[in-house]
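Everything below concerns the one structure shown next.
The values are calculated or read from the model by the stated rules, or taken from the named source; none is laboratory data. Just so it is clear, the structure is predicted and the values come from calculations on it, not from any experiment. Counting neighbours? That spans all protein chains shown, and the Cβs are built from the backbone with ideal geometry, glycine included.
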């Protein structure tokens, strides 16, 4: 009988975060692992998805990626080196990524049991939707025997330090499978990659449906006793821009020293009973005095709020989801700066704005705006 998972219940906080930038996910794991290590938090389980990214494990090299940086940049795919085991893999929208940040000491010092438990979670999730997934000796993760041969449905990579586990699993619901063709996934050349969508077609579950089943199997297999978590807060970003003879220009504002002293466009928190759209319009009026037609960038992301950055004491982890919009204003629009928050402003070209932006979401908003304008060129 193969030892799978754990039997002794252990408290854990499980958080479904939605879209998270890969680098932000690394920061989350590092911060939460330190708190789990010193006993300030129970095990932390993060359930999320990443924008397109190739990650290089400890046994990978850049040669495992078969396209150049310009090709990836044009398609919005990032590359990161990580401290997990394994070689190169892909993460992207439509894939459930789970980071179980677990203390494997205190009666759980069995990495093999933990790994088999994570594989079992993916096997049971696949079975919930009528797919038979299996372990394949010598190949970590879970696999499906298809008419094309063995194809990987779920990947696994763990980093262990002082018996604190980070990184985890990636389960394919409906990612862009052609992205896997740009790499040698996990160093394997004679097997393919599949997803619930490629196997089931229209009968495939949504990301949310599959994530709900996967979370329950995590609780069952790893014997988690779920504990309450602080709700995620919500904010907005409203990238404000105008057309000029030099091309599109973004409004950038410098925060006052007590507000962080960094350049940004319009941002702010969503108040209770307020929609993100309403919050964006309110922040635009309050910070700049500008009004106009607000358009969505069809992008939201979640990040860990560093208490040191805000001068807050350590405590329950805080996470925030930012929804991104943009608004075009006329070239002669007058900015009425709210000086209690910002000391100055300037209109910047897209490249300059991208360099000034400090945060992942702000940089992504500028890139998305650039893409929109390239698809719909300016008219005279």
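Descriptive notes on the structure:
- Unmet requirement for residue 269, which otherwise passes all of (1) over 23 Å from residue 352 (Cβ atoms); (2) surrounded by 15 or more Cβ atoms within 10 Å (Cβ to Cβ); (3) at pLDDT 95 or above: (2)
- One residue from 285, 255 being surrounded by fewer than 19 Cβ atoms within 10 Å (Cβ to Cβ), assigned by TED's automatic domain parsing to the domain that holds residue 364 and touching a residue at least 60 places away in the same chain (Cβ under 8 Å): 255
- Some residue of segment 9-17 being within 15 Å of residue 225 (Cβ to Cβ), out of contact with any helix residue (DSSP H, G or I) (no Cβ under 9 Å at 6 or more places or on another chain) and not in a strand (DSSP E or B): yes
- Selection within segment 184-197 - under 23 Å from the mean Cα position of the chain (by Cα) and over 21 Å from residue 99 (Cβ atoms): 184, 194, 197
- Given (1) assigned to a helix (DSSP H, G or I); (2) outside the structural domain of residue 311 (by TED's automatic domain parsing); (3) over 22 Å from the mean Cα position of the chain (by Cα); (4) loosely packed, with under 14 Cβ neighbours inside 10 Å, index of the condition residue 208 fails: (3)
- Residue among 153, 214, 118 that alone is in a helix (DSSP H, G or I), crowded, with 16+ Cβ neighbours inside 10 Å and in contact with a helix residue (DSSP H, G or I) (Cβ under 7 Å, 6 or more places away or on another chain): 214
- Residue list for segment 122-133, restricted to those being farther than 12 Å from residue 155 by Cα and either part of a helix (DSSP H, G or I) or not assigned by TED's automatic domain parsing to the domain that holds residue 145 (or both): 124, 125, 126, 127, 128
- Taking segment 288-380 as the region of interest, the strands (runs of 3 or more DSSP E) fully inside it that hold 3 or more residues being surrounded by 12 or more Cβ atoms within 10 Å (Cβ to Cβ) and within 22 Å of the chain's Cα centre (by Cα) are 294-304, 319-328.
- Per-region count, segment 162-192, residues in a strand (DSSP E or B) and either in contact (Cβ under 8 Å) with a residue 60 or more places away in the chain or buried (at least 22 other Cβ atoms within 10 Å of the Cβ) (or both): 10
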